[in-house]
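The values are calculated or read from the model by the stated rules, or taken from the named source; none is laboratory data. Because the structure is a prediction, the values reported are computed rather than measured. Quick reminder, even Gly has a Cβ in these numbers, built from the backbone with ideal geometry, and neighbours come from all protein chains shown. Side chains included, ligands, DNA and RNA excluded: accessible areas come from the protein's heavy atoms. Shrake-Rupley method; radii C 1.70, N 1.55, O 1.52, S 1.80 Å.
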Amino acid sequence: MAKGIGMSKALAVGVGVLTVSSVCGLVMMAVMYKIQIDRFPPVSPPTPTKPPVIPTGLPPTLRLPDNLIPESYKVFIQPYLYAVIPNNYTNQSFAFTGHSTVRVKCMIVSKSIFLHAQDLNVTTVEVRKSDSNEKLSVSGYKIHHNETNFLEIQLKDAMSGNETYYDIFTKFEGELFDGLDGFYVSGYTEKVKAEEEEEEDEDQERLFATSLLQPTNARKVFPCFDEPALKAVFQITIIHRPDTVALSNGIGDPHQTEIDGEEWIVTTFEETPIMSTYSLAFTVSDFKSKTRPSGTNIHIHARGDAIYAGHADYALEVTEKILIRYQNIFGLKYPLTKIDQIALPDISVGAMENWGFISYQESGLLYDKYTASTFDQERVATLIAHELAHQWFGNLVTMRWWNDLWLNEGFATYMSYIGVQADGWDLRDLIVLRETQTAFQVDSLNSSHPLSLQENYIQTFSEITELFDDITYSKGAAVLRMLATFMTEDAFMKGIKMYLAKFEYKNTVYKDLLKCLQEETKEDVEGFMSTWIEQVGYPVITIITQTGETSQEHFLLKQTQGHDIAWQVHIRYIKDRDLTEKNDILKVKGPVRRPHFQLQDKDEWLLANVNCAGFFRVNYDEENWNKLRMQLERYHHVIPIINRGQLIDDAFNIARAHRLNVTIALSLTKYLVNDTEYIPWESALKNLDHLILMFDRSEVYGPIMKYIRNLITQLYDHFEEYTINGTVPEKHTDQYNQVNAISVACSNGLTKCITMARSLFEDYKNGTNDIHPNLRKAIYCSAIASGDEYDWEFAWIEYQRATVAAEKDKLRYALSCTKEIWLLNRYLQYTLDPSKIRKMDMVSTINYIAKNVAGQPLAWDFVRGHWSYITQEYGAGVVSLGSLLDAVTKRFSTDVEREELKQLQREQEEKNQGLAARALEQVIERTEANIKWVKENKQIVKDWFIGEL
């Protein structure tokens, strides 16, 4: 066991004292520590700083990332094109070079830069810090040749965030293609005086370079942030050949210089306002111009021949009037000091609203008072009004993304009807024919789309371009008209003023507009409008007048379930015992009982949707339909003109949707023998034309043609004295109806009409063209349809000789009217040769041929056989591709034709081509609806027409 340890008494006492002292010391230290803690609370140690996460790789969507915001561009572009081909042809070049510096604000630390570039060769990239000019090392860059069109630049050194400014410099090379988009080349011929008196003047070939950048083509000219919300200020400099003029958005300052031993002109343009890339424009040509100095300097540029002939004079005059009207209406001065407008021999759209420099097809800007019709003049005024409206709606205030494109195009379409009033054009009632009824057709398909979609639904080029359709333009205008009626026009325009003032130079979504409008009315604007903007389609309102029972349902030609959401419907109505207009709001699907829609008197009728202000159709019980028909036959003037057209259009289309017996719709046309107004006649003829399309290849066509011939004879006789005397009525809509009378009477075999047309055409062939310009299109067409190959050849020579675009267009249409298959086939082949039919006219020419029953199968086979070529040539103009598919398939109503369409769709999908995908889906759906309707109604239609003979 272990040995024990002992301790003395003194040592024990010492140890105790020390222990007590230690404890006391510890207590004292604790007290002092507590006092210090209370006076000076502890602070947590700093969290260790983590290095910033620097984004790498491609952005997750096709949209640009938000780490960089462009503020300004300096762009230099040098096209090497000669306007007049020099003697040494090898000098001609279709290349352009350039360099650009874009100043950006960096929001977050980043080593990656993404902007857009397409069909360019980028040869140099430099990135510098703006304040110090410090150069950042670039580790590499590449263009992604896919849907993104991204130019990706990778840096070795990171850009700091915190809104630091950087300059991105790029050098690039490109080619002036002839595809009518981006920066492209085109040509024309101009008469040049012969040097010797005895020699004939010769046609000289001229070339020009111009741009079309909407929607996503600025990236084809220089690397840029090519999205509408990424607005910036642009300073453009164009270096171009002597004897040419460069134009752009701002005022140019040209001076001559020498580069590598060659003479050049350097034109530097003033800085633009802050704007989107798609509103940029530039042209290099030897065009001439005409100027109208006013508060805003207005210039028209065109071929020298057209300027010297005075064809720009009307555009100058009407531009000033409309510009002043808009400035008064919007309460905002046009923000630029000048407005250039240019008439281009080749452009794939009717016009383009580039800020301060608007581009047009020649027939949309030039007016020759000696050969042009009043319709040509109206078109010039309307197009100018549309494009000038864009200077505010689109350029000054821009939609944030393409999903709200209707804020641009719907507004410009609606405002054009108001703008042209400045020159005395009263076209506002025609909005129902041109916009409402047009949009109804597309929007009655399941494959339609809402006015405003979610942003992430619209990403690819094809998805963007598909939005340039009748929904965006025509439905957009129609619902704005409906909203103005709902609010009152005065309140509507006050709200518009507020919207423009609040968001000038900014980007918006549609709810920004509704909030401004809400300020001017007690009505629930957003509650009312959201159903029309966010939902696809429109309703048919059904009113049972015996009980007043009222309901709404999604209107579809091809009946499916449709969506189950109710619209807010503002119904304006009248009754024949009291023609005072009254209002009702329907917010539920129903059926709900509306006592004021119940008719007590057996002879009383109800008419809903007065002046077709609402974007919906109305169906009634058969009894009310018959009362309205009898009123039309007894005394049609009681029913407003617009509603006479609306009743016919609604009845035919409701019948197409299997909701009404087609004989009721047909019976409504009988009263027209006593009506000479354009709107009801045009509505009837459009719907009868659909019957012709369905049946003009069958035995039903004979009775239809005889009925229409009998119906139109009265209208033809009404205008015959004008026609024989070579004059036109004073009222503009009567002028339209005079043309209807001639076109329909001749095409349906009215002998005296055909004799008249042939006589006038023979005089024309003999050197005397006394045909009034209003009537030329109809008379040329009738004469060629009833004529032979020599008539066709004469018209073809006249087409080639014509120098006025509007006259060329009339002849180009008339050439499609021949019944000779071999001539139509030859004409189709001409559309492949730009020296015969301009590229911009290819699609419309095929559409004209497809309208001809003899030409339709030829046109369809031609389009299918050349689909790859057409989509390559016109891939950018998907609007045109959509109209092409629509036109060549309008007659489709058989299973075989549906299968041919589906085969084309399968081929598209196999090639992964998204071009015109929605348009293709729409024509397939329309064909399926036609097949079903024809099977059910062919015998009924035939029996009705036979019964009326």
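Report the Stokes-Einstein translational diffusion coefficient (µm² s⁻¹, integer) for the range 628-707, Rh taken as the Kirkwood radius over Cα pairs, at 25 °C with viscosity 0.890 mPa s.
In µm²/s, the coefficient is 190.
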Legend entry - Size of charge dipole - the chain - debye, nearest 20, with Cβ of Lys, Arg +1 and Asp, Glu -1, no other charges: 4320
Legend entry - Cα centroid separation - the range 768-841 against the range 654-705, whole Å: 29
Legend entry - Three-way shape label, the chain, alpha-carbon gyration tensor, a/c 1.5: oblate
Inset, instruction - Counting only DSSP beta bridges with both residues in the chain, tell me the antiparallel percent, nearest 5. - result: 80
Inset, instruction - Taking the Cα centre of the range 783-845 as origin, work out the dipole magnitude from +1 charges on Lys and Arg Cβ and -1 charges on Asp and Glu Cβ, in debye rounded to 20. - result: 300
Legend entry - Value of relative contact order over the chain, rounded to a whole percent, pairs C-alpha under 8 Å and six or more apart: 7
Legend entry - Amide proton proximity set for residue 396, modelled H, under 5 Å, gap of 5+: none
Legend entry - Of 940, 136, 234, farthest towards positive along the dipole that unit charges on Lys, Arg, Asp, Glu beta carbons give the chain: 136
Inset, instruction - Compare the Cα positions of 295, 272, 252 along the charge dipole of the range 216-313 (+1 at Cβ of Lys, Arg; -1 at Cβ of Asp, Glu; about the Cα centre) and return the one farthest towards the positive end. - result: 295
Legend entry - Accessible solvent surface per residue of the chain, calculated while the other protein chains remain in place, 1.4 angstrom probe, Å²: 41
Inset, instruction - Please go through the range 702-733 and write out the trypsin sites (Lys or Arg not before Pro) that DSSP classes as loop and that have at most 14 other C-beta atoms within 10 Å. - result: 731
Inset, instruction - Could you give me the percent of Cα pairs per 10 Å distance bin for the range 488-633, shortest bin first, beginning at zero and ending with the bin that holds the maximum distance? - result: 10, 34, 30, 19, 6, 1
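Return the carbon/sulfur percentage of the accessible area of the chain, one whole number, probe 1.4 Å, all protein chains in place.
Summing carbon and sulfur atoms, their accessible area is 52 percent of the total for the chain.
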Inset, instruction - Work out the charge dipole of the chain with +1 on the Cβ of Lys and Arg and -1 on the Cβ of Asp and Glu about the Cα centre, then indicate which of 787, 630, 658 is farthest towards its positive end. - result: 658
Inset, instruction - Could you please tell me the mean projected area of the C-alpha convex hull for the range 441-516, averaged over all directions and given in square nanometres to one decimal? - result: 6.2
Legend entry - Across 602/942; 558/935; 558/911; 193/338; 731/942, pairs whose alpha-carbon gap is larger than 25 Å: 602/942; 558/911; 193/338; 731/942
Legend entry - Shape of the range 391-532, Cα gyration tensor, a/c cut at 1.5: rounded
Legend entry - the chain: calculated mean residue ellipticity at 222 nm from DSSP helix runs of at least 4, using -39500 (n - 2.57): -13000 deg cm²/dmol
Inset, instruction - Name the shape class, rounded, prolate or oblate, that the alpha-carbon gyration tensor gives for the range 557-596, where a ≥ b ≥ c are the square roots of its eigenvalues, rounded holds for a/c under 1.5, and otherwise prolate holds if a/b is larger than b/c and oblate otherwise. - result: prolate
Legend entry - Charged-residue dipole, Cβ positions (Lys, Arg, Asp, Glu), the range 139-225 about Cα centre, Debye nearest 20: 1300
Legend entry - In Hz, Karplus ³J(HN,Hα) per residue of the range 803-819 (6.51, -1.76, 1.60; θ = phi - 60°; x = Gly, Pro): 10, 9, 4, 4, 5, 4, 5, 5, 5, 4, 5, 4, 4, 7, 8, 4, 8
Inset, instruction - Please tell me which of these pairs span more than 31 angstrom C-alpha to C-alpha: 582/627; 231/475; 706/777; 220/333? - result: 220/333
Inset, instruction - Sort out for me the Cα centre separation of the range 121-180 from the range 497-559, rounded to whole Å. - result: 44
Legend entry - Within straight-line cross-link reach of residue 321, aspartates and glutamates at Cα separation under 16 Å, skipping those fewer than 8 residues along the same chain: 313, 340, 378, 387, 423, 426
